[in-house]
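Shown next, in structure tokens, is the structure this report addresses.
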Amino acid sequence: MIFTSWTIELVSIALLGLCLGSFLNVLIIRLPRGRSIWSPGSRCGFCRSPIKAWRNIPLISFLLNRGMCGSCGHPYSFRYFFIELLMGVLSVGVWSMYGWTALTAALILFVALLVAISFIDLDFRLIPDELSLGGWAVALLAIAFGFTSFPLYSSDLLSEAWGLGSLAQAIVSSLFGFGIFFILSRVYYLLRGEEGLGGGDVKLMGLVGAVLGLQGVLTTILIGSLLGSFLGIFLVLKGGKTRHFPIPFGPFLALGALAAVFRLDALIWP
């Protein structure tokens, strides 16, 4: 049979991811500019004409319209297509690892936050509190009411030695992630006289701690720092930039968190 339960789940998750990606495109453009993400409906950024529903189907509409507005012919950024495809692929990846569960739904939403935060930080050098602090609060509430089994990585130290449950572990882990980045940011400022870590990065680590736990925080910091350092060295040596060239750190932290979600940190923590 073609329509097996596995096929239906796969298609459903893929469609969910594509639709989330389409919504993220709106969120990334409007939220940092202080505009409503709910109204008005999608419209061309050049001629401002509304985009009809049949021209707003994830991936398909971009391909059929050859990446252009159907009204004025102005080209759209390929990033719209990329973000939709990226969320589709990431959603299927999460489902393939965690199955058809409430945890999968929660992790897909977390991944969507990471994607939105990454592109907003790349564009505006900021991470909106609505995403970092809002996501942090929602994660803790979801754990408190038993909607999801966060943190993803339970700590033996916190659970067995200290006897902490899921909510207490999430709070401790999030405060650890927030605290260590806050201290690093202040130490950097005292030593260099300039901000090295933005407040958005600090708050993001609070969200990461609540969702991923202590091990996830350490994985995020390690991988994010390594990737950020590699890019910084490359830009100085090959790109002609100085060491003071600002590099948004949010995308690297997001990559580190994604590595923890997909358990790539098994290469680091045996």
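Answer with yes or no whether GLN169 is buried (at least 22 other Cβ atoms within 10 Å of the Cβ) and assigned to a helix (DSSP H, G or I). Judged against the criteria, GLN169 is a match.
How many residues does the range 133-148 contain that are touching a residue at least 12 places away in the same chain (Cβ under 8 Å) and within 26 Å of TRP100 (Cα to Cα)?
9
Any residue in the range 26-37 that is at pLDDT 85 or above, exposed (fewer than 11 other Cβ atoms within 10 Å of the Cβ) and at negative phi? Checking the range 26-37: at least one residue is at pLDDT 85 or above, exposed (fewer than 11 other Cβ atoms within 10 Å of the Cβ) and at negative phi.
Anything in the range 172-191 that is surrounded by fewer than 16 Cβ atoms within 10 Å (Cβ to Cβ) and either touching a helix residue (DSSP H, G or I) at 6+ places or on another chain (Cβ under 8 Å) or not in a helix (DSSP H, G or I) (or both)? List them, or say none.
LEU175, the sole residue that qualifies.
Exactly one residue out of SER91, SER96, SER118, SER132 is in the same structural domain as VAL202 (by TED's automatic domain parsing) and either surrounded by 19 or more Cβ atoms within 10 Å (Cβ to Cβ) or over 21 Å from GLY206 (Cβ atoms) (or both), and it is SER132. Exactly one residue out of PRO40, PRO75 is modelled with pLDDT under 90 and in contact with a Gly (Cβ under 7 Å, 6 or more places away or on another chain): that is PRO75. Report whether or not ILE247 is in contact with a Gly (Cβ under 8 Å, 6 or more places away or on another chain), farther than 19 Å from GLY179 by Cα and at pLDDT below 85. The answer is yes for ILE247. Among the residues of the range 71-88, just one is more than 25 Å from the chain's Cα centre (by Cα) and surrounded by 15 or more Cβ atoms within 10 Å (Cβ to Cβ), namely SER71.
Is the range 141-148 home to any residue that is part of a loop (DSSP other than H, G, I, E, B) and in contact with a helix residue (DSSP H, G or I) (Cβ under 7 Å, 6 or more places away or on another chain)?
Looking only at the range 141-148, we keep the residues that are part of a loop (DSSP other than H, G, I, E, B), and these are 145-148.
Subset that is in contact with a helix residue (DSSP H, G or I) (Cβ under 7 Å, 6 or more places away or on another chain): 147-148.
There is at least one residue in the range 141-148 that is part of a loop (DSSP other than H, G, I, E, B) and in contact with a helix residue (DSSP H, G or I) (Cβ under 7 Å, 6 or more places away or on another chain).
The sole residue among ILE57, ILE13 that is over 15 Å from ALA112 (Cβ atoms) and in the same structural domain as LEU85 (by TED's automatic domain parsing) is ILE57. Quick check on the range 59-67. Is at least one of its residues surrounded by 14 or more Cβ atoms within 10 Å (Cβ to Cβ), under 24 Å from the mean Cα position of the chain (by Cα) and either free of Cβ contacts under 8 Å to residues at least 12 places away in the same chain or under 30 Å from THR101 (Cβ atoms) (or both)? For the range 59-67, residues surrounded by 14 or more Cβ atoms within 10 Å (Cβ to Cβ), under 24 Å from the mean Cα position of the chain (by Cα) and either free of Cβ contacts under 8 Å to residues at least 12 places away in the same chain or under 30 Å from THR101 (Cβ atoms) (or both): present.
The values are calculated or read from the model by the stated rules, or taken from the named source; none is laboratory data. Predicted, not measured: the structure shown is a model, and the values here were computed from it. Please note: Cβ atoms are built from the backbone with ideal geometry, for glycine as well, and neighbour counts cover all protein chains shown.
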